[in-house]
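The values are calculated or read from the model by the stated rules, or taken from the named source; none is laboratory data. These figures come from a predicted structure and were not determined experimentally. Neighbour counts are summed over all protein chains in view; Cβ atoms, including those assigned to glycine, are modelled from backbone coordinates with ideal geometry.
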Amino acid sequence: MNVPDLKTERLRLRMMADSDTEALIRVFSDPAMSTFFPSDLSEPANVLATIAKRLAFDGPDGMGHWVIELLDDQRTGLDDQRTGLDDPGAGVDERDTGLEDPSARGDEQDIGPGDQNAGLDDPGAEGRMGGVDAGGGVIIGIAHLRPSWELPGDVAEIGYSLDSSYGGKGFATEAAAAVLDYGLNGLGLPAVWALVHESNVASLNLAKRVGFLNVGVDEYYGAPHRVLVALPSKHGRAHHIELWTADLSRAEASFGWLLGELGWREFQRWPAGISWKRGHTYLVVEQSSALSAGEHDRTRPGLNHLAFHVDARERVDELVAEAGRHGWRPLFTERYPHAGGRDHFAAYLENEDSFEIELVANDHPKAGGSFPQVG
């Protein structure tokens, strides 16, 4: 598995490495960090087991475990600021509240929404603040995004924890928001989930602040946990796509069949056009009176093609087999289904008006991972 570096205004999240071990032992040396864990991570043996299991994680590419580092310009003066709050919105909510995994006990603590530092100064933290990694950066916590071991369906679950001596400064909120944004918008996940101990009020507040919704409570990780979910917002999504065609009836026949097979439904109709909608996005085909040419040429500057997700490779095959009866012809047949590359299972179709459509199978494993893209 590989996770990318994530950078915020004050933090850098990078993939966890063996060289981070000593720094993470220092991060978890405060017993308060283990308040909601079934084992005491201030014991080096427990932290070593936790780190080892995280480093051995062999999940989907793009998911895994990060360490949270302070950017260089944030390190100056933190010793003098530990008793102050630079994030008035964080206050006592900025506590290191993890997600416990009693099934792992000493092997792995699933650390989750919040940061367990209670937003308090740690009088025993002199000389302990953070852990310096081999590269000289100050590590102040860890985070992860991976398929859940508790919730069904291998849904993506988030977790994070921060050194207790960095509380009350909004770092946990900043890190959690970065991982959540990466999951929803970087990986395109349909949802990101979190499990928070029911007594962990600070973590629940933090999760709410970054956009999680509380959908219930049940027994997870050996204790009552709130089930939280974050969904993508409409912000930045395509509102609608409009295609101009020289022959509306032909376009309706080809696009109407294909979009219907993909779950789109007719949305609007008027003398010069028709649209289909799926979710928040609709696609318009219009024979406009303002057309400046009599045909579409996808090789000229402008739109080349549209691409759609298809649930499975078998369904792509079925659509290709049926497409000829609905005004489409296959392209790049000699390289089907890997015209887009060996790790890309897709069909390319062209209708009578030279509009090109790509149909991409969701269940084809990507190079280096097997987590299907869902969207």
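The requirement of being exposed (fewer than 14 other Cβ atoms within 10 Å of the Cβ) and at pLDDT below 95 is satisfied by Ala367.
Restricting Arg300, Arg325 to residues that are closer than 19 Å to Glu352 by Cα, in a helix (DSSP H, G or I), without any contact (Cβ under 8 Å) to a residue 12 or more places away in the chain and not assigned by TED's automatic domain parsing to the domain that holds Gly188 narrows the list to Arg325. Looking at region 218-238, is at least one residue over 30 Å from Gly159 (Cα atoms), surrounded by 12 or more Cβ atoms within 10 Å (Cβ to Cβ) and out of contact with any His (no Cβ under 9 Å at 6 or more places or on another chain)? No, every residue in region 218-238 fails to be over 30 Å from Gly159 (Cα atoms), surrounded by 12 or more Cβ atoms within 10 Å (Cβ to Cβ) and out of contact with any His (no Cβ under 9 Å at 6 or more places or on another chain). Selection of region 170-198 for residues being charged (D, E, K, R) and either in contact with a helix residue (DSSP H, G or I) (Cβ under 8 Å, 6 or more places away or on another chain) or without any contact (Cβ under 8 Å) to a residue 12 or more places away in the chain (or both) yields only Asp181. Filtering region 231-251 to residues that are of a type outside the set (A, V, I, L, M, F, W, C), in a helix (DSSP H, G or I) and closer than 21 Å to Tyr348 by Cβ leaves only Arg250.
Return yes or no: is Arg226 touching a helix residue (DSSP H, G or I) at 6+ places or on another chain (Cβ under 9 Å) and in the same structural domain as Gly159 (by TED's automatic domain parsing)? Yes; evaluated as a whole, the condition is true for this residue.
The set of residues in region 33-51 that are within 20 Å of Val138 (Cα to Cα) and of a type in the set (A, V, I, L, M) comprises Met33, Leu41, Val47, Leu48, Ile51. Out of all the residues in region 252-274, is one or more among the hydroxyl-bearing types (Ser, Thr, Tyr) and more than 18 Å from Ala323 (Cβ to Cβ)? Scanning region 252-274 turns up no residue that is among the hydroxyl-bearing types (Ser, Thr, Tyr) and more than 18 Å from Ala323 (Cβ to Cβ). Once region 278-297 is narrowed to residues that are in contact with a Phe, Trp or Tyr (Cβ under 8 Å, 6 or more places away or on another chain) and outside any loop (DSSP other than H, G, I, E, B), the residue that is surrounded by the fewest Cβ atoms within 10 Å (Cβ to Cβ) is Arg278. Contact map, region 35-58: first residue without any contact (Cβ under 8 Å) to a residue 12 or more places away in the chain, second residue surrounded by fewer than 15 Cβ atoms within 10 Å (Cβ to Cβ), Cβ cut-off under 7 Å, separation 6 or more or different chains; pairs are Asp40/Pro31. When region 33-57 is limited to residues that are within 24 Å of Asn200 (Cα to Cα) and of a type in the set (A, V, I, L, M), the one that is surrounded by the fewest Cβ atoms within 10 Å (Cβ to Cβ) turns out to be Ile51. Being at pLDDT 95 or above and within 34 Å of the chain's Cα centre (by Cα) is a property that Pro271 lacks. Pro330 passes all but one of (1) closer than 25 Å to Glu242 by Cα; (2) buried (at least 16 other Cβ atoms within 10 Å of the Cβ); which number fails? Among (1) closer than 25 Å to Glu242 by Cα; (2) buried (at least 16 other Cβ atoms within 10 Å of the Cβ), the lone unmet condition for Pro330 is (2). Inspect region 11-22 for any residue being buried (at least 19 other Cβ atoms within 10 Å of the Cβ), under 27 Å from the mean Cα position of the chain (by Cα) and farther than 15 Å from Gly141 by Cβ and give the result as yes or no. No: region 11-22 contains no residue that is buried (at least 19 other Cβ atoms within 10 Å of the Cβ), under 27 Å from the mean Cα position of the chain (by Cα) and farther than 15 Å from Gly141 by Cβ. Taking the criterion of being in contact with a strand residue (DSSP E or B) (Cβ under 7 Å, 6 or more places away or on another chain) and not in a loop (DSSP other than H, G, I, E, B), the residues of region 303-315 that qualify are His305, Leu306, Ala307, Phe308, His309, Val310, Arg313. Tell me whether region 21-42 contains one or more residues that are assigned by TED's automatic domain parsing to the domain that holds Gly170, modelled with pLDDT of 90 or more and over 13 Å from Asp163 (Cβ atoms). Yes; the residues of region 21-42 include at least one that is assigned by TED's automatic domain parsing to the domain that holds Gly170, modelled with pLDDT of 90 or more and over 13 Å from Asp163 (Cβ atoms).
Residues being among the hydrophobic types (A, V, I, L, M, F, W, C) and at pLDDT below 90 are entirely absent from region 60-70.
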